[in-house]
1. Sort through PHE58, PHE89 and tell me the only one that's surrounded by fewer than 18 Cβ atoms within 10 Å (Cβ to Cβ) and either closer than 30 Å to GLY168 by Cα or free of Cβ contacts under 8 Å to residues at least 40 places away in the same chain (or both).
2. Within region 172-194, take every residue that is of a type in the set (Ser, Thr, Tyr) and modelled with pLDDT of 90 or more and give me the one that is nearest to THR91 (Cα to Cα).
3. In the list GLY71, GLY44, GLY63, which residue meets the criterion of being on the phi > 0 side of the Ramachandran plot and touching a helix residue (DSSP H, G or I) at 6+ places or on another chain (Cβ under 9 Å)?
4. Considering only residues of region 28-50 that are within 15 Å of ARG204 (Cα to Cα) and aliphatic (A, V, I, L, M), which is surrounded by the fewest Cβ atoms within 10 Å (Cβ to Cβ)?
5. Could you look through region 73-86, keep only residues that are among the β-branched types (Val, Ile, Thr) and surrounded by fewer than 22 Cβ atoms within 10 Å (Cβ to Cβ), and pick out the one that is nearest to VAL39 (Cα to Cα)?
6. Name, by its number, the condition in (1) open to solvent by less than 20 Å² (accessible area, probe 1.4 Å); (2) farther than 23 Å from ILE106 by Cα; (3) of a type outside the set (A, V, I, L, M, F, W, C) that does not hold for GLU193.
7. Can you name the condition, by its number, that VAL14 falls short on among (1) at pLDDT below 95; (2) aliphatic (A, V, I, L, M); (3) open to solvent by less than 30 Å² (accessible area, probe 1.4 Å)?
8. Would you mind telling me which numbered condition in (1) open to solvent by less than 30 Å² (accessible area, probe 1.4 Å); (2) farther than 19 Å from VAL34 by Cα CYS162 fails?
Amino acid sequence: MASRTRPDQNPRAVFLLATLKHKRGGGEFSHTDVLAELVAERLGDNAVRSEIVRLSDFNIPAGTKSNMGRGDDWPEILQKILAAEIVVFATPIWWGNQSSLMQRAIERLDELHNELLETGKSRLDNKVGGIVITGEEDGEQHITGNIANFFLNIGLTVPPHCSVSYQGSYTRATKQSLARKFRSEEGTAEAAEKMARNLAHFARMLRAEPIPE
């Protein structure tokens with residue numbers, strides 16, 4: 001299924017930010033948000049427009065349908081996903097797994113997986129996926145495997161080196177100081193840059209030459 005965007009438009013990226021911290025009303029900043037913002041900035045260096053959707057600020061009922069009825073904000077988020085060429089899942093580590101909100105997003109995308117099984121086509125064909133993970137405990141490889149497996153089974157293309165993670169405690173930081181830390185740490189900064197470059201490259205490549213149906 002070819003991209004719906006015009007050839008003269010730059011690719012768009014949507015980040016599903018699955019921090020359990022809320023933006024509304026202030027409160028503690030999110031490490032995952034700060035790392036996602038770094039990747040979004042690097043995507044901007046590659047002429048990709050990004051939007052970060054903080055899932056905790058939306059009403060996303062439990063379920064496996066694309067629309068669970070009145071008061072469900074998921075259909076709005078789904079339209080952002082379908083309008084983008086790049087989809088990034090950004091999650092903290094909770095007890096060795098992705099956050100409950102990240103799992104909720106996976107569950108709500110199940111209807112698209114059913115469409116793929118029934119028709120052989122996915123509305124996510126010719127889109128690429130990336131992964132951002134932060135946490136104070138181990139679990140990064142397990143979560144990367146979970147999300148990459150989901151991407152591959154729902155139609156998203158996963159380019160090489162399209163994940164970035166940070167594990168460590170930095171509790172006394174401000175959002176600004178943590179952003180500086182991520183930019184100054186060679187491994188984190190290089191991983192974010194390579195991820196953005198590869199996501200942008202493969203998004204443009206698949207737009208120019210979609211995967212054969």
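The values are calculated or read from the model by the stated rules, or taken from the named source; none is laboratory data. Quantities reported herein were computed from a predicted structural model and do not represent experimental measurements. Backbone-built Cβ (ideal geometry, glycine too); neighbour counts: all protein chains shown. The protein model used for the area step is the full one, side chains on, heavy atoms only, and it has no ligands, DNA or RNA in it. Shrake-Rupley method; radii C 1.70, N 1.55, O 1.52, S 1.80 Å.
1. On the way: PHE89 fails: surrounded by fewer than 18 Cβ atoms within 10 Å (Cβ to Cβ).
Step by step, each of PHE58, PHE89 is checked, and only PHE58 is surrounded by fewer than 18 Cβ atoms within 10 Å (Cβ to Cβ) and either closer than 30 Å to GLY168 by Cα or free of Cβ contacts under 8 Å to residues at least 40 places away in the same chain (or both).
2. Looking only at region 172-194, we keep the residues that are of a type in the set (Ser, Thr, Tyr), and these are 174, 177, 184, 188.
Next, from what is left, pick out any that are modelled with pLDDT of 90 or more: 177, 184, 188.
On the way: SER177: 20, SER184: 22, THR188: 16 Å.
Filtering first and then ranking leaves THR188.
3. Working: GLY71 fails: touching a helix residue (DSSP H, G or I) at 6+ places or on another chain (Cβ under 9 Å); GLY44 fails: on the phi > 0 side of the Ramachandran plot.
Step by step, each of GLY71, GLY44, GLY63 is checked, and only GLY63 is on the phi > 0 side of the Ramachandran plot and touching a helix residue (DSSP H, G or I) at 6+ places or on another chain (Cβ under 9 Å).
4. ALA47
5. Step one: list which residues in region 73-86 are among the β-branched types (Val, Ile, Thr), which gives 77, 81, 86.
Restricting the remaining residues to those that are surrounded by fewer than 22 Cβ atoms within 10 Å (Cβ to Cβ) gives 77, 81.
On the way: ILE77: 20, ILE81: 17 Å.
Top of the filtered list is ILE81.
6. With (1) open to solvent by less than 20 Å² (accessible area, probe 1.4 Å); (2) farther than 23 Å from ILE106 by Cα; (3) of a type outside the set (A, V, I, L, M, F, W, C) applied to GLU193, the lone miss is (1).
7. If we test VAL14 against (1) at pLDDT below 95; (2) aliphatic (A, V, I, L, M); (3) open to solvent by less than 30 Å² (accessible area, probe 1.4 Å), just (1) comes out false.
8. Among (1) open to solvent by less than 30 Å² (accessible area, probe 1.4 Å); (2) farther than 19 Å from VAL34 by Cα, CYS162 violates only (2).
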